[in-house]
């Protein structure tokens, strides 16, 4: 392998090792403007998209011990990687695909587990991690707030009775 290809491959190995996930998309037919817009939207979620030569990416995936991608990469492919939430990147891809009918999601990997297109679409429909945390916090707070209300009820009723008695005697 030429020195340039080794350097590019090493860059992708580092990118794959530092990323929790990657998504492979077919970007055929996407204009430069649309691709720049996709890149901008993904950057807002902490993800990056890079056009990659299939043979170099296949070697990088093997070197990073991600998986053997032999036979899976064909055509014009771009790879999306990120350190944050895969569902946020999947949401961006799904909305972008509905707007422009491109890029086509091929497959992805999350923590060395293969995700098919349907799996990625399901992840895209999930609420964001912040919303899920808020829901969990609400579930955890509900019993304690009900307990506080239950404990305060007799005291507040007694206070109302005393207030009514005071007003009646005046």
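Given a Förster distance of 25 angstrom, what is the FRET efficiency for residue 114 paired with residue 39, based on the Cβ-Cβ distance and rounded to 0.05?
Approximately 0.50, to the nearest 0.05.
For 165, 2, what ranking results if the residue with the fewest other Cβ atoms within 10 Å of its Cβ goes first?
Ascending number of Cβ neighbours within 10 Å: 2, 165.
Once you keep just the Cα pairs under 8 angstrom separated by 6 or more residues, what percentage relative contact order results for the chain?
Numbers: 195 pairs, mean separation 44.8, N = 170.
Relative contact order, the chain: 26 percent.
What is the angle, in °, between the Cα long axis of helix 129-169 and the longest principal axis of the Cα atoms in the chain? Nearest 10 is fine, range 0 to 90.
Helix 129-169 sits at roughly 10 degrees to that axis.
Round to a whole angstrom and tell me the spacing of the C-alpha centers of the range 3-23 and the range 123-141.
Computed from Cα coordinates, the inter-centre distance equals 32 Å.
By how many degrees, between 0 and 90 and to the nearest 10, does the Cα long axis of helix 86-100 differ from the longest principal axis of the chain?
With rounding to tens, the tilt is 70 degrees.
Quick one: order 168, 6, 104 by neighbouring beta-carbon count within 10 Å, fewest to most. If you can, show how the numbers build up before the last one.
Details: 168 7, 6 12, 104 16.
Ordered by Cβ neighbours within 10 Å, fewest first: 168, 6, 104.
Within a 10 angstrom radius of the beta carbon, how do 87, 128 rank from fewest other beta carbons to most?
By the 10 Å Cβ count, ascending: 128, 87.
Would you mind computing, in nm to one decimal, how far apart the modelled labels at residue 50 and residue 20 are, each placed 7 Å from Cα along Cα→Cβ?
Between residue 50 and residue 20, the simple spin-label model gives 2.0 nm.
Given the -39500 (n - 2.57) contribution per DSSP H run of 4+ residues, what per-residue ellipticity at 222 nm results for the chain, rounded to the nearest 500 deg cm²/dmol? The partial results should precede the final answer.
On the way: 6 runs with 104 residues, N = 170.
Taken over the chain, the calculation gives -20500 deg cm²/dmol.
Report, to the nearest 10°, how far helix 32-44 tilts away from the longest principal axis of the Cα atoms in the chain, using its own Cα long axis and a range of 0 to 90°.
40 degrees
Each value in this text was obtained by applying a stated rule to the coordinates, not by laboratory testing. Keep in mind the model is a prediction, meaning the values are calculated, not measured. Because the Cβ atoms are built from the backbone with ideal geometry, glycine has one as well, and the counts that use them run over all protein chains shown.
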